[in-house]
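Visitor: Mind looking over this structure? Questions follow.
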Amino acid sequence: MNVGDKLPEILGTDQDGKEIRLSDFKGRKFIVYSYPKANTSGCTAEACSLESRREELAGLGYAIIGVSKDRRELQKKFADANSLGFSLIADTETTLLQTLGCWGEKVACGRHTIGILRTTYIADENGVIEKIFQPKEIKTKIHAEQILDYIGNKG
């Protein structure tokens, strides 16, 4: 997906088994972020960064939704262990990840693999993407601040 594209209506099923739809968040803006693996250091740092600023982001009208290929049970453990107050989609079939364009080839330690590309999509109240943070831009420990800087500077 690119800036100007609309997020799909059905996003997936979260850690609690609830189907997450765009229309569930009527009038809200979105932060949809993909992460490679629950309970790893970088993904935990990113999730905790977002959780630490969740209320502030909500006050600005934003809902946070995470997505990875992890099973629902692992997403639940991850959310509970880190007291995350937002949905984590268990996209085990990579349907949403492929639609978003954050499933693909990546290189780690000179090795080429296929997997989740850490990406964040900021969308307006209609689900239209207005900003994409690419993998190389994201600093997991301060990602919420990166998002807040973008929000503060877009006006």
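The values are calculated or read from the model by the stated rules, or taken from the named source; none is laboratory data. Since the model is a prediction, treat every value here as computed from it, not as a measurement. Backbone-built Cβ (ideal geometry, glycine too); neighbour counts: all protein chains shown. Please note that ligands, DNA and RNA were not included when accessible areas were found on the heavy atoms of the full protein model with its side chains. Shrake-Rupley method; radii C 1.70, N 1.55, O 1.52, S 1.80 Å.
Visitor: Go through the range 46-152 and tell me which strands (runs of 3 or more DSSP E), entirely inside it, have 2 or more residues that are surrounded by fewer than 17 Cβ atoms within 10 Å (Cβ to Cβ).
Guide: Per the criteria, 103-108, 111-116, 129-133.
Visitor: Just one of (1) over 26 Å from Lys18 (Cα atoms); (2) under 15 Å from the mean Cα position of the chain (by Cα) trips up Gln75, so point out which.
Guide: Condition (1) is where Gln75 drops out.
Visitor: List, please: which pairs have Cβ atoms under 6 Å, are six or more places apart or on different chains, and start with a residue in the range 1-30 that is closer than 18 Å to Arg54 by Cβ and part of a strand (DSSP E or B) and end with one that is of a type in the set (D, E, K, R) and open to solvent by 50 Å² or more (accessible area, probe 1.4 Å)?
Guide: Filtered contacts from the range 1-30: Lys29/Glu125.
Visitor: Identify, by number, the condition in (1) touching a Pro at 6+ places or on another chain (Cβ under 8 Å); (2) over 17 Å from Phe30 (Cα atoms) that Thr92 doesn't meet.
Guide: Here Thr92 meets the rest and fails (1).
Visitor: Next up: If I filter the range 94-102 for residues that are under 19 Å from Ile147 (Cβ atoms) and within 12 Å of the chain's Cα centre (by Cα), do I get at least one hit?
Guide: yes
Visitor: Which of (1) more than 25 Å from Gly127 (Cβ to Cβ); (2) assigned to a helix (DSSP H, G or I); (3) charged (D, E, K, R) is the odd one out, the single condition Lys37 does not satisfy?
Guide: (2)
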